[in-house]
């Protein structure tokens with residue numbers, strides 16, 4: 001197993017409702033940005049993370065399509081899907097390919113084009129991340145599933161409605177400093193509490209938006225990165241993935257993310273690091289309650305106390321462990337297949353000291369956590385500037 | 001890189017229109033068959049090849065779903081998509097994971113549930129393997145695309161309508177000996193020529209059917225297979241994947257499969273073998289013309305002379321190089337995401353001497369070729385009984 005570095009990283013120019021761009025345009029823009037950042041004009045193999053281009057824009061075969069539109073045929077090109085963790089899982093496949101010595105330069109991109117359909121269709125497409133037969137067809141949608149988790153967490157641990165809102169306020173404060181973000185502006189606690197109710201206790205400002213966007217990174221062996229790049233070398237220290245029941249109702253405890261806890265435990269072990277060694281984290285805040293339970297599964301908050309993290313300022317820039325400095329899914333946006341790769345882009349910028357106004361000073365070790373559905377799949381990566 | 005073996009292989013009981021079974025049932029049946037054949041009750045990681053469960057049954061997140069229904073949480077579980085080569089590409093990911101030493105026991109399955117929608121919807125879903133914006137939305141479907149290839153081949157090389165039909169006759173003759181096959185019966189040249197015209201020159205009996213089905217294999221290091229299995233060890237000698245333009249109209253030559261030629265060349269090199277070393281081949285005969293051009297790209301027939309292969313008996317059981325002893329996509333059926341894995345299942349049975357009435361005597365080296373769309377992606381594997 002070789003040590004693997006991130007040679008380049010980039011997003012498409014702006015996330016949001018990109019009605020003048022198609023799936024392929026968005027992906028290519030992000031891929032070219034990553035290649036430019038890496039300083040290379042070729043690669044040996046590529047991966048595309050995408051959840052459901054089939055249901056959103058009736059297009060599959062994304063490996064072939066994206067290699068073609070990048071002018072990179074005949075490179076092997078593989079699309080990976082794991083619902084909202086498609087990007088993180090694609091990144092792990094690329095990592096394994098470089099670590100194993102099979103190829104040296106591997107591009108990993110993630111993309112989702114979500115706004116070519118109406119709201120009902122988007123909700124239907126996203127429901128395909130849940131157990132369609134036993135959850136979605138009975139009438140529940142993702143805000144409903146996460147509302148059940150939030151209610152259970154409030155009941156078991158006394159988490160408050162305001163604590164949920166603090167997560168959104170904090171992530172918008174970070175996102176206001178990210179020019180790529182879909183909603184780069186601050187909101188107040190009152191804004192969240194007064195916003196439209198979606199699924200009690202979750203209001204619209206507890207939910208991540210529908211977003212078009214893409215992200216990409218270029219991976220190579222650490223030794224190669226030292227030779228060809230003048231930028232700080234960001235090394236992948238740990239990589240782990242785990243699954244859990246696809247249906248929320250099959251879990252022993254609605255508030256405990258088994259798949260994230262398992263992936264985190266494996267990734268910490270591989271990296272030789274623990275929660276206390278981290279200086280910056282990007283995690284999967286698809287809903288405000290998600291950030292709270294992920295913090296607990298990662299060991300960054302005690303069980304039941306995740307709600308206090310944003311409220312106390314612990315997870316804000318300047319706090320003990322800044323979380324979602326990019327703005328997170330909440331403010332930056334959540335093009336589902338791109339999210340996991342975009343998290344790696346943010347951590348790369350942070351560990352290189354290139355995060356501008358939202359830079360975590362002296363950040364050396366960072367973590368990404370990306371999950372599918374209500375945690376049916378999770379993937380965790382740990383990075384270090386070496 | 002470690003040597004990788006196939007420890008177990010299996011299909012679900014019967015391919016066809018499985019209206020009483022859902023996507024998950026079919027997959028689990030095949031996976032349990034492979035685990036039973038392997039003699040193991042666990043694995044470290046899994047892959048699911050599937051083209052478009054989103055468009056066929058509105059379900060994504062297949063890694064989580066299938067690990068869950070196999071009772072195997074929290075194993076990492078990843079879905080791979082490459083249109084009709086999803087199964088072959090999933091197999092390659094599993095191969096890389098074992099070869100690299102990341103995990104020892106990896107399950108790779110492929111599945112497609114295609115008959116829960118009507119014919120028009122199935123045609124639409126399959127069109128997602130083509131360039132939807134520049135091919136399908138202009139009105140062409142897959143029989144039309146392959147008809148263009150067939151016409152070009154007839155024009156350039158004098159390939160005859162009868163030569164196309166001979167491919168279907170040969171594959172049905174093989175499939176009649178395969179109890180899992182969707183259409184396990186023989187057909188005549190007259191049957192093909194007299195069948196309904198779909199897209200001139202292709203008739204309905206030139207086309208592979210719409211099928212529900214699944215296939216699975218268990219991979220492990222060769223050394224482990226020698227220890228825990230009493231069956232002949234089937235080793236993966238070569239693995240390669242390549243891409244080409246997704247749209248047929250972007251190719252220099254409609255009749256030449258660049259991606260298959262590149263993947264075959266790379267796989268032969270890795271295996272230290274050539275076309276003359278093969279005793280049995282499973283290839284992607286989604287239409288009769290496909291078998292002809294694939295034979296040429298694999299170097300099993302001279303350029304332009306692929307049409308003579310089935311006509312002369314060269315590719316029939318008992319011929320120089322038996323092709324598609326399983327019945328191929330034409331007779332066995334073509335559940336698109338399962339096909340690439342099912343090809344590996346057939347070659348495994350052949351190299352173990354377990355193929356019954358359709359056994360190729362003394363087969364030691366075999367090859368599988370699986371492709372997406374009109375060849376936008378191709379994957380080739382070479383196997384040897386060691």
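Where a number appears in this text, it was derived from the coordinates with a stated rule and is not lab data. All figures in this text were calculated on a predicted structure; none of them were measured in a lab. Cβ sites come from the backbone with ideal geometry, for glycine too, and all protein chains shown count toward neighbours.
Could you work out Rg/(2.2 N^0.38 Å) for the stretch A:295-386, with Rg from alpha carbons only?
Dividing the Cα Rg of the stretch A:295-386 by 2.2 N^0.38 Å gives 1.07.
Over the alpha-carbon set of the protein assembly as shown, divide Rg by the Kirkwood Rh and report the Rg/Rh ratio to two decimals.
Details: Rg = 25.3 Å, Rh = 25.8 Å.
Reported Rg/Rh (Cα atoms, Kirkwood Rh): 0.98.
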Query raised in the report: For the stretch A:130-191, what are the per-bin percents of Cα-Cα distances with bins 10 Å wide, up to the bin holding the maximum?
Result: 20, 30, 32, 17, 0
Query - Reduced Cα scattering model of the stretch B:216-293, Debye log10 I(q)/I(0), q = 0.25 Å⁻¹ - result: -1.29
Query raised in the report: If one takes the longest principal axis of the Cα atoms in chain A, at what angle in degrees, from 0 to 90 and to the nearest 10, does the Cα axis of helix A:161-175 lie?
Result: 30 degrees
Query raised in the report: How large are Rg and Dmax for the stretch A:111-240 when only the alpha carbon atoms are used, in Å?
Result: 19.3, 56
Query raised in the report: Between residue A:252 and residue A:200, what is the FRET efficiency for a Förster distance of 25 Å, r being their Cβ-Cβ separation, to the nearest 0.05?
Result: 0.55
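If I take every Cα pair under 8 Å that is 6 or more residues apart in the stretch A:240-349, average their sequence separation and divide by the length, what percent do I get for the relative contact order?
25 percent
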Report summary line: Taking alpha-carbon centroids only, the stretch B:33-80 lies from the stretch B:315-357 a number of Å equal to 23 Å
Query raised in the report: In units of 2.2 N^0.38 Å, what is the alpha-carbon radius of gyration of the stretch B:235-377?
Result: 0.98
**Report entry** Efficiency of FRET from Cβ geometry, residue B:230 and residue B:185, R₀ 25 Å, rounded to 0.05
**Finding:** 0.10
Report task. Apply the Kirkwood formula to the stretch A:164-292: the hydrodynamic radius equals the inverse of the mean of 1/r over all pairs of different alpha-carbon atoms; give it in Å with one decimal. Result -> 17.9 Å
Query raised in the report: Other chains near B:47-56: what is the mean number of their Cβ atoms within 10 Å of each residue's Cβ?
Result: 4
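Can you pull the Kirkwood radius for the stretch A:18-121, inverse mean 1/r over Cα pairs, to one decimal in Å?
Values: mean 1/r = 0.0715 Å⁻¹.
The answer is 14.0 Å.
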Query raised in the report: Using helices alone, what [θ] at 222 nm do you get for chain A, with -39,500 (n - 2.57) per DSSP H run of 4 or more residues, divided over all residues and rounded to the nearest 500?
Result: -11500 deg cm²/dmol
Query raised in the report: Once both axes come from the Cα atoms, what is the angle between helix A:23-38 and the longest principal axis of chain A, in degrees from 0 to 90, rounded to 10?
Result: 60 degrees
Query - Euclidean distance between Cα centres, the stretch A:248-299 to the stretch B:254-291, Å - result: 45 Å
Query raised in the report: Taking only C-alpha pairs under 8 Å that are 6+ residues apart, what is the relative contact order of the stretch A:1-150 in percent?
Result: 26 percent
Query - In nm, spacing of pseudo-spin labels at residue A:361 and residue A:120 (7 Å Cα→C-beta vector) - result: 5.4 nm
Query raised in the report: When you look at the Cβ of every residue in A:243-249, what mean number of other chain Cβ atoms sits within 10 Å?
Result: 6
**Report entry** Length-normalised contact order of chain B in % [C-alpha pairs under 8 Å, at least 6 apart]
**Finding:** 26 percent
Query raised in the report: Taking the label point 7 Å from Cα in the Cβ direction, how far apart in nm is residue A:162 from each other copy of itself, listed shortest first?
Result: 8.9
Query raised in the report: Where is the GNM fluctuation largest for chain B (alpha-carbon springs, 10 angstrom cutoff): B:173, B:235, B:361?
Result: B:361
Query raised in the report: Hey, can you rank A:244-257, B:39-52 by average C-beta count inside 10 Å, highest first?
Result: B:39-52, A:244-257
Report summary line: Kirkwood calc, the stretch A:44-179, C-alpha pairs only, radius in angstrom 17.7 Å
Query raised in the report: What gaps in nm, shortest first, separate residue B:179 from its twins in the other copies when you place the label 7 Å past Cα toward the beta carbon?
Result: 6.8
**Report entry** Euclidean distance between Cα centres, the stretch B:137-186 to the stretch A:366-386, Å
**Finding:** 46 Å
Query raised in the report: Under a GNM of chain A (C-alpha, springs under 10 Å), which listed residue has the highest mean-square fluctuation: A:65, A:164, A:295?
Result: A:65
**Report entry** Per-q log10 I(q)/I(0), chain B, q = 0.09, 0.10, 0.12, 0.13 Å⁻¹ (Debye; single scatterer per alpha-carbon; no solvent)
**Finding:** -0.44, -0.55, -0.81, -0.97
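Taking a temperature of 10 °C and a viscosity of 1.306 mPa s, what whole-number D in µm²/s does Stokes-Einstein yield for the stretch A:293-339 with Rh from Kirkwood over alpha carbon pairs?
139 µm²/s
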Query - Residue list for the stretch A:41-79, given a label point 7 angstrom along the Cα-to-Cβ vector of residue B:270 and an amide N cut-off under 19 Å - result: A:43-48, A:63-64, A:73-79
Query raised in the report: Mind checking which of A:124, A:61, A:203 has the largest fluctuation in a GNM of chain A, springs on alpha carbons under 10 Å?
Result: A:61
Report task. Between the label point of residue B:226 and that of the same position in each other copy, find the distances and list them shortest first in nm, with every label point placed 7 Å from Cα along the Cα-to-C-beta direction. Result -> 3.6
Report summary line: Assertion target for A:132, A:371, ordered by fewest C-beta neighbours within 10 angstrom first, is A:132, A:371
